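Novice: Handing you a structure now.
Please treat every number below as a calculation from the coordinates, not as lab data. Just so we're clear, the structure is a prediction, and the values are computed from it rather than from any experiment. Heads up, the Cβs are rebuilt from the backbone with ideal geometry, glycines too, and the neighbour counts pull from every protein chain shown.
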Amino acid sequence: MNRSSWFLTALTLAATAALVAQEPIPQPRTSGGCPVESKAFYECATTKARAFAALRTRDGHPDLQGYWRSRNNGIAYDVEPGPGSFAVPPTFGEIIDPPDKKIPYLPAARAKRDEIRTKSFEDPQGHCAPSGAPRKNNTLFGWRIIQPKDHVVFLYESMHDYRVIPTDNRKHLPASIKMWHGDPVGRWEGDTLVVDYRNLNGKHWFDMAGNFQSENIHVVERYTMFTPDTILFVATIDDATMYTRPWTLTFSLERNKEPGYYQLEYACHEGERDLQHFTDDTRK
Amino acid sequence: MRPLLIGVTAIMAAAVVATLTAQQAAPRYRPPRLANGKPDFQGVWQVRNTANWNVQAHGGSYKTPAGYGVVVDPPDGSIPYRADALATREKNWASRDTADPLGKCYLAGVPRTMYLPYPLQILQTETEVAILSEYVHTWRWIPLTPLDRIPGYESWMGDPRGRWDGDTLVIETLGHNDQTWFDHAGNFHSDVLKVTERLTRIADDVITYEATMEDAKTFTRPWTIRLSLYRHRDMDRILENECYLYAEEAGKPIRGEHPK
């Protein structure tokens, strides 16, 4: 890690910490009429989804189009439950399986996680890397979903990242092609959008707390609307070289209905031009 | 017999002429269409020219492939700079190896993002168009329905609005910053730039792309480029080009050192 990248990350963390300190994000106890604690949320949203009839696109699938943001209750910082630490607020975690809400690391992987979780400046997101799956939905910014024929497309505000998800269940790219944002291939299972991610380069973290992955990672994301303005998001992560078993997390996605809203540009890497405006005095 | 033969011949000749005329009168390509009848541009596209290096006609030089140039107006193919702006362009040209924003992996801006030597994917619904680039995972979101602009908004990729002019997609983009270049040769603009792009699918595999630049701080008059985007028949999705991350991984970080 070179000095300037560390500095950028530190700035990001400081800004985030300041934001948290000054303007606590309101934390209503429900989302789409369901409690937000992950297990209770999952059970409630699943039940509601069975009785919910979504509006349809021309293709006959649920219409997910519009602006969304995650109701992530701070799990952008740590997917596991935790008491919080420097720049990391307390969270109740988002894992629903295993039941203890902990990532089922193999011993060597857990040791590495414990080591790197103290080095949040190494978080790839602090280097303006696309955040991969499922983390991209965990960021503190929103995104737009559009549904061209046979596709679902996510346009994220954060780092102008995107996902193009073909829903024709096509084959994945050759395994030798590894990418930061992976290769999403989708299909509709009834009213649930199922997205199968492979070809991820494994350099990502799941959060700011050092929870990490390898290039063998396989992610399956599931999106199910359970009210007109709420989506049940579930992701299952599998990697036999990292974890003793597959594990699953969930959280709520909420529609942003602000009139006239559209996403402005989040040019992350270009912010390095501002380094020249900082002096050693600014860092004290 | 003879008058009849002449008559038949005349009818056949007339038919041939009519067929030829019909072909000449209706050579128009009929693009695939969305359900609302608007042309469908969806697919993976890329230019096959060297406009990224220099939008004006140029011979080859170190790390620069030669090219015909894409400026079609003014007719002489040269960008109509104001005198002071031309001096800036000359300065940019001299320092292009280090000063080209793309050398730092910055966002390419409009219109340069459309003629980078990398693929882009167009996706479309009846109310919006998305143009996604491999290069530093860029998206342009173009609403086709009215949407108020945010006054004073300034960005690398601009703030676009789209509409249909017959079968041509017209995109007007304002809200540019003054940091992007049109090419590696140092051709540049100010933050009052307005770009009007016109995309017309003229064949299954070809989009004719035009962009007109207006910027009274930099140019004496509007000027226009025209080029072709070609469809990749063998690519059903774009990959990624994470310029600054690759540099970091290679131990050659783009980001500058913190000043002492």
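Novice: What does the structure give for B:99-111 when I average, per residue, the other chain Cβ atoms found within 10 Å of the residue Cβ?
Specialist: Values: counts 0, 0, 2, 0, 0, 4, 4, 5, 6, 0, 0, 0, 0.
The shielding value for this peptide is 2.
Novice: Which percent of Cα-Cα pairs in region B:98-196 sits in each 10 Å bin, short to long?
Specialist: 15, 47, 32, 6, 0
Novice: Cut-off under 16 Å on the C-alpha distance; same-chain residues fewer than 8 positions from A:Lys112 excluded. Which lysines are left, in chain and number order?
Specialist: A:Lys102, A:Lys203
Novice: Along each of the three principal axes of the Cα atoms of region A:127-261, give the extent in whole Å, ordering the values from largest to smallest.
Specialist: Principal axes ranked by extent give 45, 33, 25 Å for the Cα atoms.
Novice: Across the Cα atoms of chain B, what radius of gyration and what greatest pairwise Cα-Cα distance (Dmax) are found, in Å?
Specialist: 22.8, 104
Novice: Which residue, chosen from B:His184, B:Thr212, B:Leu229, occupies the Cα position most advanced towards the positive end of the dipole of the protein assembly as shown, where the dipole is computed from +1 (Lys, Arg) and -1 (Asp, Glu) charges on Cβ about the Cα centre?
Specialist: Value: B:Leu229.
Novice: Just give me a number: lysine pairs in chain B, eight or more positions apart or cross-chain, with C-alpha atoms less than 23 Å apart.
Specialist: 9
Novice: Under 19 Å from the Cα of A:Lys48, which lysines turn up, not counting those fewer than eight places away in the same chain?
Specialist: Counting by Cα, and skipping residues close in sequence, A:Lys48 has these lysines nearby: A:Lys39.
Novice: Hey, what angle do you get for helix B:2-25 against the long axis of chain B, alpha-carbon based, 0 to 90 degrees rounded to 10?
Specialist: Its long axis makes an angle of about 20 degrees.
Novice: Another question, then. What FRET efficiency do you get for B:Thr88 and B:Arg237 if R0 is 56 Å and r is their Cβ-Cβ distance, rounded to the nearest 0.05? Show your work: numbers first, answer last.
Specialist: Values: r = 40 Å, r/R0 = 0.71.
Result of the calculation: an efficiency of 0.90.
Novice: Run the numbers on region A:147-284 and let me know its relative contact order in percent, using alpha-carbon pairs under 8 Å that are six or more apart. The partial results should precede the final answer.
Specialist: Working: 232 pairs, mean separation 21.5, N = 138.
Answer for region A:147-284 is 16 percent.
Novice: Can you give the log10 of the normalised intensity I(q)/I(0) at q = 0.11, 0.13, 0.25, 0.26 Å⁻¹, computed with Debye over equal Cα scatterers of region B:80-152?
Specialist: -0.44, -0.60, -1.11, -1.14
Novice: So what are the three principal axis dimensions of the protein assembly as shown from its Cα atoms, in whole Å, longest to shortest?
Specialist: Principal extents (Cα only, largest first): 101, 65, 44 Å.
Novice: Compute the helix-to-body angle for B:83-94: its Cα long axis versus the longest principal axis of chain B, expressed 0 to 90° and rounded to tens.
Specialist: Result, in degrees: 80.
Novice: Counting only other residues whose beta carbon sits under 10 Å from that of A:Met225, what net charge do I get with K and R as +1, D and E as -1?
Specialist: Its environment carries a net charge of -1.
Novice: Can you check what the net charge comes to around A:Ser31, using other residues whose Cβ is under 15 Å from the Cβ of A:Ser31 (Lys, Arg +1; Asp, Glu -1)?
Specialist: +2
Novice: Give the average, rounded to an integer, of partner chain Cβ atoms located within 10 angstrom of each Cβ in B:141-148.
Specialist: On the way: counts 8, 0, 1, 0, 0, 0, 3, 3.
Whole-number average of other-chain Cβ neighbours for B:141-148 is 2.
Novice: A:Lys112 versus A:Lys257, label points 7 Å from Cα toward the beta carbon: distance in nm?
Specialist: Between A:Lys112 and A:Lys257, the simple spin-label model gives 4.5 nm.
Novice: Let me ask you something else. Net charge near A:Ala133: determine it from the other residues with C-beta under 15 Å of the C-beta of A:Ala133, scoring Lys and Arg +1 and Asp and Glu -1. All intermediate terms of the calculation are to be shown ahead of the outcome.
Specialist: Numbers: positive: A:Arg135, A:Lys136, A:Arg163, A:Lys178, A:Arg198, A:Lys203, A:Arg222; negative: A:Glu94, A:Asp161, A:Asp183, A:Asp196, A:Asp207, A:Glu215, A:Glu221, A:Asp238, A:Asp239, B:Glu240.
For residues surrounding A:Ala133, the net value is -3.
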